[in-house]
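The values are calculated or read from the model by the stated rules, or taken from the named source; none is laboratory data. Keep in mind that what you see is a predicted model, and the values were worked out from it rather than measured. Please note: Cβ atoms are built from the backbone with ideal geometry, for glycine as well, and neighbour counts cover all protein chains shown.
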Ligand SMILES: [Zn+2]
């Protein structure tokens, strides 16, 4: 059973979402658009997302470019590039509502016009192999952040696990991976450590001086998953001025057995706030059910991994935080103020 939200807190949450920046730091949007375009769909954001984005008062979304296992290695680079062009073409009809953010002018223009901004980042860099020159190409196309791996091992780093088998693996970065981290910092791209293992985390922190973020990871002491961060890691990220986006995947939040999604999301947030204050946590819900429905593989039963039905339910998490006693100013930072400030600083 999940929390029941009182109307009073729901209304207060809706007001906060209307009047403050709201950010979702992780959605596999570009990949879903490509999958749907290849199946013949058009206007994917408009048809599947826009109404709920508006209900959430969304200001900024970080879209991953996530390359699925089946594309690797040969089709990885083509798939990543096609995801960018798929997103661009889907945005072409939405210029009055949703725009790609590549620099501070784009950011400020979107802010002043009340548009939803989308920032692109690479979730895993399998598609570049160990060829660092491709980073500048992706930068030119608007990519403003990256993680080295999506769970699985590649030429840059060991991920957090043998992907899909969920078998944890140790080991840090390769020489090429260390070079990529230095290049990303030089480009002022954000470095995402979600999906990296503990050895990799330590190496990234040793190699960098700027803030490092986790776009979609929770607290390991609230729910023990190697995709989540230890208290020591949370403190290190915060000391550096980094950010943690709270992941809304039931398997990572730890709500998959009891269905207590709002309660578990609040517990992760409250734990991080208790450790490092409210300036280093935000939303990075990683809602992936819609992506799953877009995949062409035959599914005999629909599986759901999301704590929230869609983006409009971001308001419920906010209401739950308020109902459990989080002060409104802290909640305002968490729903987007923190990530908004951070992203404005890097573009
Ligand atoms: Zn992910």
Exercise for review: Considering each of 75, 42, 55 in turn, give the residue that is surrounded by fewer than 17 Cβ atoms within 10 Å (Cβ to Cβ) and closer than 23 Å to residue 314 by Cα.
Suggested key: 55
Point to revise | One residue from 262, 287 being over 25 Å from residue 204 (Cα atoms) and part of a helix (DSSP H, G or I) | key: 262
Review point. Do we have residue 113 as touching a strand residue (DSSP E or B) at 6+ places or on another chain (Cβ under 9 Å) and in contact (Cβ under 8 Å) with a residue 40 or more places away in the chain here?
Key: no
Check your understanding: Somewhere in segment 10-29, is a residue touching a residue at least 40 places away in the same chain (Cβ under 8 Å), closer than 28 Å to residue 125 by Cα and in a loop (DSSP other than H, G, I, E, B)?
Key -> yes
Check your understanding: Just checking, which of 87, 91 is touching a residue at least 40 places away in the same chain (Cβ under 8 Å), outside any loop (DSSP other than H, G, I, E, B), within 18 Å of the chain's Cα centre (by Cα) and closer than 25 Å to residue 39 by Cα?
Key -> 87
Revision key, fill the gap. Of 246, 269, 234, the only residue that is in contact with a strand residue (DSSP E or B) (Cβ under 8 Å, 6 or more places away or on another chain), away from the ligand (no atom under 16 Å from the Cβ) and either at pLDDT below 95 or closer than 23 Å to residue 310 by Cα (or both) is 269
Review point. Which ones in segment 146-196 are on the phi < 0 side of the Ramachandran plot, more than 16 Å from the ligand (Cβ to nearest atom) and in contact (Cβ under 8 Å) with a residue 60 or more places away in the chain?
Key: 189
**Study point:** Residue, farthest from the ligand (Cβ to nearest atom), within segment 199-227, restricted to residues that are under 15 Å from the mean Cα position of the chain (by Cα) and under 22 Å from residue 180 (Cβ atoms)
**Key:** 212
